C-alpha cells in the first residue's frame, strides 16, 4: 500500500481513480488516501476462504455478506474491507436504488486479512489504523486475521462478536 496525502475525496473520485488504474482500489482513512494493491494468489485464496465461511454464517444468522470489492462510506471513512457483514433487516429496508449506491451504511462486522505487503506480525502497515478507525466509526465488531503472526497475535479484535460467530480461523489463516 502507498499512502498519499489528499483532502477528502468523493466516492466518485475514488471510483474514477480505480477505473483509471485497473487492478487497484483506493480507500480514505484518517485523512489519507491509500492505494490498495492487487492481491497475490495466496492472499486471494485466504480471502476466498474467509468469504465462503462468512457467507455461510451470514445466511444462517440473518446477515448479508459483502466481499473486498465493495466500497463503504461511513463515519468519515471510505473503505473496502476484506469482508463486511450487515444485518439483513437493515440492508433489506433500503430501496433498490439505495442498495446500488455507496452511502452511509455502517457495517455490523468488518474483517481484514493482513497481506505480505502490509508487513508481518505487529507492523501491519495500514491495517491496524484502518481497523481502529472502523471500530471508532461504530462498526460493532472488527477483526484482523494475520497469517504471518504467531500464536495469539494471529487474531486481533475490537468490540463484541455476535452470538454463534465463528471463532476458529485456522482454515482461513492456513489457506
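At a glance:
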| item | result |
| --- | --- |
| Antiparallel bridges, percent of DSSP beta bridges restricted to the range 50-175 (to nearest 5) | 75 |
| Hull volume in cubic angstrom per residue (convex hull over the Cα atoms of the chain) | 111 |
| Pairwise label distance in nanometres, residue 52 with residue 94, each label 7 Å out on the Cα-Cβ vector | 2.7 |
| Value of [θ]222 nm, deg cm²/dmol, for the chain, DSSP H segments ≥ 4, -39500 (n - 2.57) each, nearest 500 | -8500 deg cm²/dmol |
| FRET efficiency, residue 30 to residue 70 (Cβ-Cβ, R0 22 Å, nearest 0.05) | 0.60 |
| The range 61-166, relative contact order [Cα under 8 Å, separation at least 6], % | 22 |
| Packing-based order for 27-35, 146-154, 93-101, using average beta carbon neighbours within 10 Å, highest first | 27-35, 146-154, 93-101 |
| R0 of 35 Å, Cβ-Cβ distance residue 101-residue 150: FRET efficiency to nearest 0.05 | 0.25 |
| For the range 1-70 versus the range 148-175, the gap between their alpha-carbon centres in whole angstrom | 19 |
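Laboratory data are not the source of any read-out in this text; all were calculated from the coordinates shown. Since we're looking at a predicted model, the values are computed, not measured. Methodologically, a virtual Cβ is constructed for each residue, glycine included, from the backbone with ideal geometry; neighbour enumeration extends over all protein chains shown.
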